[in-house]
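Shown next, in structure tokens, is the structure this report addresses.
The values are calculated or read from the model by the stated rules, or taken from the named source; none is laboratory data. Everything numeric in this text was worked out from a predicted model, so none of it was measured. Reconstructed Cβ throughout: ideal geometry from the backbone, glycine too, with neighbour counts over all protein chains shown.
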Amino acid sequence: MSRTIDADYLVVGAGATGMAFVDALVDHSDARVVIVDRRRGPGGHWLEAYPFVRLHQSSAFYGVASTLLGGGRLQDSGPEAGLQERASQTEITDYYARVLERLRATGRVDFLPGTDVGSLEVPTSCRVVNAHHLAPTIPAETPPPFLVEPGARVVAVNELARLEELPASYVVVGSGKTATDACVWLLEHGVDPGAICWVRPREPWMLNRAVVQPDPAIFLGMAADVMQAGAAATTLDDFFLRMEEGGVMLRIDRDRLPTMAKAPTLARWELDRLRTIEDVVRRGHIRSVDAGRLHFDDGTVEVARDALVVHCAADGLRQPPLVPVWRPEDITLQPVRAGFPCFGAALTGYVEATRTDDAEKNRLCPPSNYGNSLADWAAMTVRGARATATFSAEPDIKEWADGVALNPARVPAGHPPSAALDDARARLAEHGGPGTANLAALGGL
């Protein structure tokens, strides 16, 4: 039997963007909201993520505007001492459970877990919010993108921490954050680098985690370095090499030019560990696996017959075509500021609460893509820079954004001046325009 929604908004998806949108909307309006999700609770893919995952970025940049994830603390020990804390899977899912309780306590938010949106009757007066347009695909919920023949041992990355019988060797399949996490976890748990074969279909660029921090001088300094590199670059490869020289980008193999630029953050200690793995297979995507053999389009690679193949090769960040955020049929949540989807969703919620004209809302929140190729990353940077200039020109939005920890470029009221911050601002002012224009050309915009 269908249920009729009695609310102003139906938000489809209780993951990071859906929760950030609802949080900002409810805090700045009297809207009534129903959130629906196919999963058992809020938190989206984090509910099914591998147990040793952590945010690749600082906790402060993730979550919802009203409630800081974590305590805003610097790590005081370990290889990332001095960098901001990064939440674990359990910390993230617990956080979203608390956020949902806060929203429900307003009396204006309801949550329908384990529900198919197709079973609901939605009146025309209720606006639908698509918060799953960019929902990531993860190995735990996606079969391997290659044929698994009888006798092959293949597990999703989630199973690594649950193995009762440890294999003598591993084959890690994937080029992105999940694969790097798996390799680092194995190495940190005593697996010899020689026992790991890493199938890396593409070489990745990674952001240096030390420069993506919630400190205005550090973050704006990084942004200035990116724009300075963008202004001087003659090609996309030259752009990324200049960012590497400036300490913004990292690559695992200094002898190869990466072609992949999803660019999660990576710490230098992780980079050092990853470089100890010498058995790297660069033959594109695996087509099939059987006992002791990996089959590619151009041939076969022999591995140990009892090698455990670790599937890390889901798409992760999706790349559908950009659409206007506000359309007659729905509000489709997408990044606005490059690379920070929670801030984009919160900004969209704030703009929805404070503006009435959809054309004006779309002007203030033009969507940005995620990175994948080098051209994608350049285009993402340009779109994000243009959007930031647009929404920051609105006094109320700027005041709101400067008070939100999700905004990586904020300079909070009362923040102490410093020579480093002054330098970052001056360089950003000097190189921002030329950098954006040149990157637009290089990125094909």
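Quick notes
- Residue in the range 378-389 that is surrounded by fewer than 22 Cβ atoms within 10 Å (Cβ to Cβ), outside any loop (DSSP other than H, G, I, E, B) and touching a Phe, Trp or Tyr at 6+ places or on another chain (Cβ under 7 Å) present: no
- Matching residues, the range 393-417, being in contact with a helix residue (DSSP H, G or I) (Cβ under 8 Å, 6 or more places away or on another chain) and closer than 25 Å to Leu207 by Cα: Ala401, Val404, Ala405, Leu406, Asn407, Pro408, Ala409, Arg410, Val411, Pro412
- Screening Ala135 against (1) under 29 Å from Pro328 (Cβ atoms); (2) without any contact (Cβ under 8 Å) to a residue 60 or more places away in the chain; (3) not in a helix (DSSP H, G or I) leaves a single unmet condition, (2).
- Test: residue in the range 40-48 that is under 15 Å from the mean Cα position of the chain (by Cα), surrounded by 17 or more Cβ atoms within 10 Å (Cβ to Cβ), on the phi > 0 side of the Ramachandran plot and not acidic (Asp, Glu): yes
- When residues in the range 317-367 are screened for being surrounded by fewer than 20 Cβ atoms within 10 Å (Cβ to Cβ) and under 30 Å from Pro144 (Cβ atoms), 6 of them pass.
- The range 3-35, subset surrounded by fewer than 24 Cβ atoms within 10 Å (Cβ to Cβ) and charged (D, E, K, R), residue nearest to Val129 (Cα to Cα): Asp8
- Of the residues making up the range 49-87, those that are in contact (Cβ under 8 Å) with a residue 24 or more places away in the chain, outside any loop (DSSP other than H, G, I, E, B) and more than 20 Å from Leu271 (Cα to Cα) are Ser59, Ala60, Phe61, Gly63, Leu68.
- Condition check for Met227: assigned to a helix (DSSP H, G or I), touching a strand residue (DSSP E or B) at 6+ places or on another chain (Cβ under 9 Å), crowded, with 19+ Cβ neighbours inside 10 Å and among the aliphatic types (A, V, I, L, M): no
- Only one of Thr265, Thr259, Thr235, Thr276 that is more than 21 Å from the chain's Cα centre (by Cα) and more than 19 Å from Ala307 (Cβ to Cβ): Thr235
- Scan of the range 153-184 for residues that are within 22 Å of Asn208 (Cβ to Cβ) and either free of Cβ contacts under 8 Å to residues at least 60 places away in the same chain or not hydroxyl-bearing (Ser, Thr, Tyr) (or both), ordered by number: Gly174, Gly176, Lys177, Ala179, Asp181, Ala182, Cys183, Val184
- Unmet requirement for Arg410, which otherwise passes all of (1) surrounded by fewer than 22 Cβ atoms within 10 Å (Cβ to Cβ); (2) part of a helix (DSSP H, G or I): (2)
- Ala393 being within 26 Å of Gly63 (Cα to Cα), surrounded by 14 or more Cβ atoms within 10 Å (Cβ to Cβ) and not hydroxyl-bearing (Ser, Thr, Tyr): no
- Among the residues of the range 185-210, the one identified as assigned to a helix (DSSP H, G or I), surrounded by 20 or more Cβ atoms within 10 Å (Cβ to Cβ) and without any contact (Cβ under 8 Å) to a residue 60 or more places away in the chain is Leu186.
- Filtering the range 17-48 to residues that are closer than 16 Å to Glu141 by Cβ and outside any loop (DSSP other than H, G, I, E, B) leaves Gly44, His45, Trp46, Leu47, Glu48.
- Of the residues making up the range 143-170, those that are surrounded by 19 or more Cβ atoms within 10 Å (Cβ to Cβ) and in contact with a Leu (Cβ under 9 Å, 6 or more places away or on another chain) are Phe146, Leu160, Tyr170.
- Where Val173 falls short, out of the listed (1) crowded, with 17+ Cβ neighbours inside 10 Å; (2) outside the structural domain of Gln334 (by TED's automatic domain parsing); (3) at pLDDT below 95: (3)
- Within the range 342-355, residues that are touching a residue at least 40 places away in the same chain (Cβ under 8 Å) reach partners that are of a type in the set (Lys, Arg) with beta carbons closer than 7 Å, at six or more positions or on different chains, in the pairs Phe343/Arg337; Gly344/Arg337; Val351/Lys361; Glu352/Lys361.
- Within the range 107-121, if we keep just the residues that are exposed (fewer than 13 other Cβ atoms within 10 Å of the Cβ) and in contact (Cβ under 8 Å) with a residue 24 or more places away in the chain, the residue that is farthest from the chain's Cα centre (by Cα) turns out to be Glu121.
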